[in-house]
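Participant: Could you have a look at this structure, given as structure tokens, before my questions?
The values are calculated or read from the model by the stated rules, or taken from the named source; none is laboratory data. Computed from a prediction, not measured in an experiment: that's the story for all the values here. For neighbour counting, all protein chains shown are included, and Cβ atoms are generated from backbone atoms with ideal geometry for every residue, glycine included.
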């Protein structure tokens, strides 16, 4: 066990994957010599050579389509999209090809491609560098989508994603890259990539989050405890599929659900979780599920991002609402 | 079963300057069936025997016959759609016949002539068009990927595959077929960037059949398409796509370059789409009948027939056996088409993932229960 | 030799009809497979139709120039033998409930574009006979039982909160133990069950408290009371009258041979007076049907009489009491009382009442504010008859005095209507002869 930052934990996971399977190849812009703009691939090209850690031209569709071809040839490509906002040129290859090839070929051709995407805001960046596009991919049949929130999960899940024979969108919360935590490289007993984790137990409200907001959710739970509200925090970890069984067990206990994500509200993962849990837990609900999300605006300029991103106060405001307490959302018609 | 005309080993392009003649049209067989000389390319087909010529003729006749049979099946309501290759037989047969079994094809939806040469089962060839599945055959069985419907996407796949071959240390080649319209797509251009940067052993085979549905090639390219590739650092050749011998020659050149580690090559095969874009299209709305007539005079099968005739090879026996072969293949396709039933309802959930996905499993079991509630539900 | 038909196919991406422009063949011609037999014009193009059969043309169904629906037969051909391979199997048959065809007809591929609609009414697919029921075999793992909240619906939870009911103490009677609205209503007012410690009672002492489970008649009555009390706005009015003339009437009836064997008493007279007064003031004999959004005015009187039984309070009613004469009413009241005491009142007698009387006078009580029998508009409580100083012919005299207490549902009955009704009953009881003016 060592203390590693989240980005270093991914780095060590990639290193293990490259060492364990000669068919694993990394592709991406600036991942080789530079080691990646966030240093997530630091040192890997030195160790494994330019044919295993490949610096690519500046062309996301090109990178993704080439990865498809490599997968056809039996390789296990791990593609890096440098920033969330740049994934759109690759969207066609991801959605029309990567997601569908296994289905289209009746199972004959596999696409064991991992697509790594640093995502999310709160880094004071310029446009297109703080997006949360995970909903587009969770909506696409044939893809698996996950997001780690802490260094151990980052290490475990990148290795699981690479070993999966399915294509996996691996969303890395860039604002948490520098957060440190204990990481063990022994992942033999690790829970499945599909599973959600209860990271803080409670009895009054279920608070579901993923990626960058898990830490925020946990902070909100600690603050709520001081007011006598017991919040159970769940790190969803997997967005396609969502581990509804875990969330359901929690809501059967608490009767109240709050979901939070940075991505815009309309059509986001919060809507999916709210609808599914309402279907499954209707007879246990004390209040309608509440969502705390980014507003339906393009991600704003750095000086305004605090007014876009969910924070502890907005989350607790929603907790108040589902608890039936006086809150600033009172009077809102949904 | 791959139908192949392999080249003997002692060919080389070491001294060959390809970048100098992109605007020239490589031709070895005129529209009237005369064999003309081109010193740079003659040697690449000097091994083609009379039997092989007859075999090439047969393949082209069969390809055309498959096309007309499939069109009839569509008109009879047995297929939803068919994209004919009428007029492009030489481009497809000529290039496909010189591939090795360990080469891999990434094509568009129009390359049914190539599929035939690669050994695709006739029933598999119509599966997609009948709507019973998205894919006709297992790509790994015939070394040909499921044809791409997204225009141009396959060029990147071929490039990635070729890079993989190179990493594996084998001299297999990836060949990608696409049309003139496809060259406008970003993916095709990105593929050339990647192919050149990584010196991938890939052959870009563009069939310029003059049309992208109703848009003429002039809308896609202000200069000959073959001119683009050198801009990416990829040598190119422009060939008379209706000349099966010339097509064979240039394809062999490209394959040889790739196998020897020289990287990608671009081929523009100039041909003509003599049929509609698909069976849903009506070319009479945009095609000038005079232009069409002019191209009919350059028909790829007729010119080879003329060559066979002048060589005394176009015997009654040959005609009879070719006709019989074409009839048999057409019959096999027709019978295979009729035999394809709609898949079972719950197979709609198959093969989305390689391992169970909890959300999808739930949907499937709920739908199964729903279906079971109806009268006459099959078990 | 078998005759096969070829139907107009969908020629491209969802076309529903085409025009048959011309035939290239005629009846009697021998044709080959794929031979062009017709030219057809679609919205997109003029196309040639190749024959799917080889054989002899036996019938042409369509005149040139006619528009044909996709799926309609256009030609019949006599075909050699019955080769299975010449029988095109429609690929979508097993999937959709798409109708049709006996084996000979050439089916149309409907995998492309909108399917050909039938011309009948839109209908649902018919369900399997054995209702395979709602059990969906879900593969989801059942979460650890652990601590789960009681199961109910959000509106019922709100009701429980409003009534102060703790759902964890309620037993649900809905599907799978779901707590229903009725469960909450019935439960409200229930005392928390806790086990009394035996050591609290010293031998020889009176029990400090006795607990009886709430069930049966009392439970039902309680629910009815709650339901009535909290649904209808009750108004009570009182009328104290000198009923001496009625008392004298009853005495004379007792010694009248025509009435021997029949028990005519004050209750009988009140019952009769009520029936007469209802005729004149019908609103007290109505019903508020909330669900239907209607007020039901009854044209008959099913007169309920509140009866105390060992098992609790019940209100059996006399059907069509307004049709009975005094003797009939007396008989009905007698049987009703006997059955109530014996506990043999039938459920039919307990339902369908339109107006109720409660005789609190038997307990020596003067007046009260009775609660309506749920679903009824009014209830009359009759008090005891007392000898009291009263005004009589201008002087104070001892008279038989009785108080009538009327409660009514103010949604249905106005103050004036209620008052007039009560006044009418009082008028009859204080001067039975007045009944002559009221019928």
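Participant: Please tell me if residue A:124 is more than 15 Å from the chain's Cα centre (by Cα), closer than 26 Å to residue A:11 by Cβ and within 14 Å of another protein chain (Cβ to nearest Cβ). Talk me through it step by step, then tell me what you get.
Facilitator: Working: more than 15 Å from the chain's Cα centre (by Cα): yes; closer than 26 Å to residue A:11 by Cβ: yes; within 14 Å of another protein chain (Cβ to nearest Cβ): no.
Considered against the rule, which asks whether it is more than 15 Å from the chain's Cα centre (by Cα), closer than 26 Å to residue A:11 by Cβ and within 14 Å of another protein chain (Cβ to nearest Cβ), residue A:124 comes out as no.
Participant: For residue C:412, all conditions in the list (1) over 19 Å from residue C:303 (Cα atoms); (2) surrounded by 12 or more Cβ atoms within 10 Å (Cβ to Cβ) hold save one; what is the number of the exception?
Facilitator: Just one mismatch for residue C:412, condition (1).
Participant: Same structure, new question: What number of residues within the stretch B:188-216 are within 14 Å of chain A (Cβ to nearest Cβ) and either within 28 Å of residue A:22 (Cβ to Cβ) or in contact with a strand residue (DSSP E or B) (Cβ under 8 Å, 6 or more places away or on another chain) (or both)?
Facilitator: Residues meeting the conditions: 16.
Participant: Tell me, which residue of the stretch A:130-144 that is over 26 Å from residue B:145 (Cα atoms) and surrounded by 20 or more Cβ atoms within 10 Å (Cβ to Cβ) is farthest from the other protein chains (Cβ to nearest Cβ)?
Facilitator: A:130
Residues are listed down the side, and each one gets a yes or a no for (1) within 14 Å of chain C (Cβ to nearest Cβ); (2) surrounded by 17 or more Cβ atoms within 10 Å (Cβ to Cβ); (3) out of contact with any helix residue (DSSP H, G or I) (no Cβ under 9 Å at 6 or more places or on another chain):
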{"position": "B:287", "(1), (2), (3)": "yes, yes, yes"}
{"position": "B:294", "(1), (2), (3)": "no, no, yes"}
{"position": "B:297", "(1), (2), (3)": "no, no, yes"}
{"position": "B:340", "(1), (2), (3)": "yes, yes, no"}
{"position": "B:372", "(1), (2), (3)": "yes, no, yes"}
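Yes or no, residue by residue, for (1) at pLDDT below 85; (2) under 24 Å from residue A:278 (Cα atoms):
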position: C:117; (1), (2): yes, no
position: C:129; (1), (2): yes, no
position: C:133; (1), (2): yes, yes
position: C:142; (1), (2): yes, yes
position: C:145; (1), (2): yes, yes
position: C:150; (1), (2): no, yes
position: C:178; (1), (2): no, yes
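Participant: Something else about it: Has the stretch B:147-157 got any residue that is out of contact with any strand residue (DSSP E or B) (no Cβ under 8 Å at 6 or more places or on another chain), part of a helix (DSSP H, G or I) and more than 10 Å from chain A (Cβ to nearest Cβ)?
Facilitator: No.
Participant: So which strands (runs of 3 or more DSSP E) stay within the stretch A:192-282 end to end and still have 2 or more residues that are more than 17 Å from residue A:148 (Cα to Cα) and either within 12 Å of chain C (Cβ to nearest Cβ) or touching a residue at least 24 places away in the same chain (Cβ under 8 Å) (or both)?
Facilitator: Details: elements: A:197-200, A:205-209, A:231-235, A:238-240, A:257-264.
Those strands (runs of 3 or more DSSP E) span A:205-209, A:231-235, A:257-264.
Participant: Which residue is surrounded by the most Cβ atoms within 10 Å (Cβ to Cβ), if the candidates are limited to the stretch C:231-259 and must be assigned to a loop (DSSP other than H, G, I, E, B) and out of contact with any helix residue (DSSP H, G or I) (no Cβ under 9 Å at 6 or more places or on another chain)? Explain how you work it out, then say what you get.
Facilitator: Pass one, the stretch C:231-259, residues assigned to a loop (DSSP other than H, G, I, E, B): C:231-233, C:243, C:255-256.
Then keep just the ones that are out of contact with any helix residue (DSSP H, G or I) (no Cβ under 9 Å at 6 or more places or on another chain); that gives C:231-233, C:255-256.
Details: C:231: 15, C:232: 21, C:233: 9, C:255: 8, C:256: 11.
Among those that are assigned to a loop (DSSP other than H, G, I, E, B) and out of contact with any helix residue (DSSP H, G or I) (no Cβ under 9 Å at 6 or more places or on another chain), it is C:232.
Participant: Oh, and also: Within the stretch B:158-187, take every residue that is within 17 Å of the chain's Cα centre (by Cα) and within 10 Å of chain A (Cβ to nearest Cβ) and give me the one that is nearest to residue B:83 (Cα to Cα).
Facilitator: Let us first name the residues in the stretch B:158-187 that are within 17 Å of the chain's Cα centre (by Cα), namely B:158-159, B:173-183.
Going one step further and asking which of them are within 10 Å of chain A (Cβ to nearest Cβ), we end up with B:158-159, B:174, B:176.
Details: B:158: 22, B:159: 25, B:174: 23, B:176: 18 Å.
My answer is B:176.
Participant: Here's another thing I want to ask about it. Residue check, residue A:155 against (1) farther than 25 Å from residue A:312 by Cα; (2) over 13 Å from the mean Cα position of the chain (by Cα); (3) in a strand (DSSP E or B), all met but one. Which one?
Facilitator: (3)
Participant: Got at least one residue in the stretch A:101-109 being assigned to a loop (DSSP other than H, G, I, E, B), in contact with a strand residue (DSSP E or B) (Cβ under 7 Å, 6 or more places away or on another chain) and either buried (at least 24 other Cβ atoms within 10 Å of the Cβ) or at pLDDT 95 or above (or both)? Spell out how you get there, then give the answer.
Facilitator: So the first thing to find is which residues in the stretch A:101-109 are assigned to a loop (DSSP other than H, G, I, E, B), and the list is A:105-109.
After this cut, where a residue has to be in contact with a strand residue (DSSP E or B) (Cβ under 7 Å, 6 or more places away or on another chain) as well, the list is none.
No, the conditions are met nowhere in the stretch A:101-109.
Participant: Confirm whether residue B:321 is away from every other protein chain (no Cβ under 11 Å), touching a residue at least 12 places away in the same chain (Cβ under 8 Å) and out of contact with any helix residue (DSSP H, G or I) (no Cβ under 8 Å at 6 or more places or on another chain). Spell out how you get there, then give the answer.
Facilitator: Values: away from every other protein chain (no Cβ under 11 Å): yes; touching a residue at least 12 places away in the same chain (Cβ under 8 Å): yes; out of contact with any helix residue (DSSP H, G or I) (no Cβ under 8 Å at 6 or more places or on another chain): no.
When the stated conditions are applied, residue B:321 does not pass them.
Let's see how each residue does on (1) in contact (Cβ under 8 Å) with a residue 12 or more places away in the chain; (2) surrounded by 22 or more Cβ atoms within 10 Å (Cβ to Cβ); (3) within 8 Å of another protein chain (Cβ to nearest Cβ); (4) within 24 Å of the chain's Cα centre (by Cα):
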{"site": "A:25", "(1), (2), (3), (4)": "yes, yes, yes, yes"}
{"site": "A:33", "(1), (2), (3), (4)": "yes, no, no, no"}
{"site": "A:38", "(1), (2), (3), (4)": "yes, no, no, yes"}
{"site": "A:47", "(1), (2), (3), (4)": "yes, no, no, no"}
{"site": "A:52", "(1), (2), (3), (4)": "yes, no, no, no"}
{"site": "A:58", "(1), (2), (3), (4)": "yes, no, no, no"}
{"site": "A:64", "(1), (2), (3), (4)": "yes, yes, yes, yes"}
{"site": "A:74", "(1), (2), (3), (4)": "yes, no, yes, no"}
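Participant: Here is a list of conditions, (1) at pLDDT 95 or above; (2) surrounded by fewer than 21 Cβ atoms within 10 Å (Cβ to Cβ); (3) closer than 23 Å to residue B:166 by Cα, and residue A:79 meets all of them except one; can you say which number that is?
Facilitator: (2)
Participant: Go through the stretch C:42-53 residue by residue and tally those that are surrounded by fewer than 16 Cβ atoms within 10 Å (Cβ to Cβ) and either in a strand (DSSP E or B) or more than 60 Å from the chain's Cα centre (by Cα) (or both).
Facilitator: 2
Participant: Would you check which residues across the stretch A:272-303 are crowded, with 17+ Cβ neighbours inside 10 Å and out of contact with any helix residue (DSSP H, G or I) (no Cβ under 8 Å at 6 or more places or on another chain) and list them?
Facilitator: The answer is A:274, A:283, A:294.
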